[in-house]
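*Asks:* This structure is in structure tokens; I'll ask about it shortly.
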Amino acid sequence: MKKLLFITILLMVSVNISAQHVLEALAGNKHAHYINYFDKDLDSNARWNFFNLNRFTVNYKDKTLNTVAIEGQLTYQFKPWIGVSAGGGFYGELFVPTVGLSLSYINKNEDFFLQMYPTIGFVEGQVAPSILGIIGYTPKFNKIWGFSSQIIFSADPFEASQIVRIGADYKTKIQFGIGLDLLQNFETRNSNYNLGPFIRFNF
């Protein structure tokens, strides 16, 4: 029931709130990776904010290795750079509620930004720290072209992942280039990677 309620809330917010959506697809050597996210102020004072990140992978050879991750954080900002957050994530059959902080930074040129959510998650009766974040650097060459780089990262006591994208920016609407998905499992000490071209659309 909790899983259904969480997914329903995410879908309602995604549909009813006017926000800048980001849609991305990567064709890697091991799997296809689809990502969409948005970060939206819910009031005129930018106190309330909702962040939603959805990730889906489709393995070319083994469907049992397909993954889904739906994460959302509702935040209240005390200052532009710090706030409190509450939300959670749905990972296949596992729902993890979280509470924590929202930390953000953007420079004067607005071509470098950092958004992080250090949180405490509640997993099957246990408490575990985790962090989710996005770092972006997008300097402009001229009015049409620019450089695009972005890292989406997450870590908990069991594993850490980095989603790295580097390429070109066209009119701030389309980015394309090369991408790397990297996953490290702390228990098995195994590392898996997925490398290939990506394209991203901003609406």
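*Asks:* Going through the range 59-86 one residue at a time, which ones are among the β-branched types (Val, Ile, Thr) and assigned to a strand (DSSP E or B)?
*Replies:* If the condition is that a residue be among the β-branched types (Val, Ile, Thr) and assigned to a strand (DSSP E or B), then Thr67, Val68, Ile70, Thr75, Ile82, Val84 are the ones that fit.
*Asks:* Next question. Between Glu110, Glu124, Glu187, Glu93, which is under 30 Å from Arg47 (Cα atoms), surrounded by fewer than 16 Cβ atoms within 10 Å (Cβ to Cβ) and among the acidic types (Asp, Glu)?
*Replies:* Glu110
*Asks:* When the residues of the range 58-84 are narrowed to those that are among the small types (Gly, Ala, Ser) and within 15 Å of the chain's Cα centre (by Cα), which ends up surrounded by the fewest Cβ atoms within 10 Å (Cβ to Cβ)?
*Replies:* Ala69
*Asks:* State which residue pairs qualify: first residue part of a strand (DSSP E or B) and inside the range 34-58, second residue small (Gly, Ala, Ser) in any location, beta carbons under 6 Å apart, and separation of 6 or more residues or different chains.
*Replies:* Close Cβ pairs satisfying both conditions: Tyr34/Ala25; Phe38/Ala19; Lys40/Ala19; Asn52/Gly72; Arg55/Ala69; Val58/Ala32.
*Asks:* Okay, next question. List every residue pair whose Cβ atoms lie under 6 Å apart, where the two residues are 6 or more positions apart in sequence or sit on different chains, the first residue falls within the range 128-144 and is among the hydroxyl-bearing types (Ser, Thr, Tyr), and the second residue, located anywhere, is in a strand (DSSP E or B).
*Replies:* Within 6 Å, the pairs are Ser130/Thr119; Ser130/Gly121; Tyr137/Phe112; Tyr137/Ser149; Thr138/Gly146; Thr138/Ser148; Thr138/Asp169.
*Asks:* Kindly evaluate Phe203 against the criterion of being in contact with a His (Cβ under 6 Å, 6 or more places away or on another chain), surrounded by fewer than 17 Cβ atoms within 10 Å (Cβ to Cβ) and under 22 Å from Asp39 (Cβ atoms).
*Replies:* When the stated conditions are applied, Phe203 passes them.
*Asks:* Of all residues being more than 18 Å from Pro197 (Cβ to Cβ) and hydroxyl-bearing (Ser, Thr, Tyr) in the range 128-173, which is surrounded by the fewest Cβ atoms within 10 Å (Cβ to Cβ)? Just the residue, please.
*Replies:* Result: Thr172.
*Asks:* Under 6 Å between Cβ atoms, at least 6 apart or on separate chains: pull out the pairs that start in the range 180-194 with a residue that is free of Cβ contacts under 8 Å to residues at least 60 places away in the same chain and end on any residue that is hydroxyl-bearing (Ser, Thr, Tyr).
*Replies:* Filtered contacts from the range 180-194: Leu182/Tyr193; Leu183/Ser161; Gln184/Ser191.
*Asks:* Also, I was wondering about something else. Of the residues that sit in the range 130-150 and are over 17 Å from the mean Cα position of the chain (by Cα) and in a strand (DSSP E or B), which one is nearest to Phe90 (Cα to Cα)?
*Replies:* Phe147
*Asks:* Any idea which residue in the range 15-57 is surrounded by the most Cβ atoms within 10 Å (Cβ to Cβ), counting only those that are modelled with pLDDT under 50 and farther than 15 Å from Asn202 by Cα?
*Replies:* Ile17
*Asks:* Can you find a residue in the range 181-203 that is part of a strand (DSSP E or B), touching a Phe, Trp or Tyr at 6+ places or on another chain (Cβ under 8 Å), over 22 Å from Leu23 (Cβ atoms) and not aliphatic (A, V, I, L, M)?
*Replies:* Scanning the range 181-203 turns up at least one residue that is part of a strand (DSSP E or B), touching a Phe, Trp or Tyr at 6+ places or on another chain (Cβ under 8 Å), over 22 Å from Leu23 (Cβ atoms) and not aliphatic (A, V, I, L, M).
*Asks:* If you don't mind, there's one more thing I want to ask. Which residues, counting only those in the range 115-130, are among the aliphatic types (A, V, I, L, M) and modelled with pLDDT of 95 or more?
*Replies:* Met116, Ile120
The values are calculated or read from the model by the stated rules, or taken from the named source; none is laboratory data. Being a predicted model, the structure only gives us computed values, none of them experimental. Heads up, the Cβs are rebuilt from the backbone with ideal geometry, glycines too, and the neighbour counts pull from every protein chain shown.
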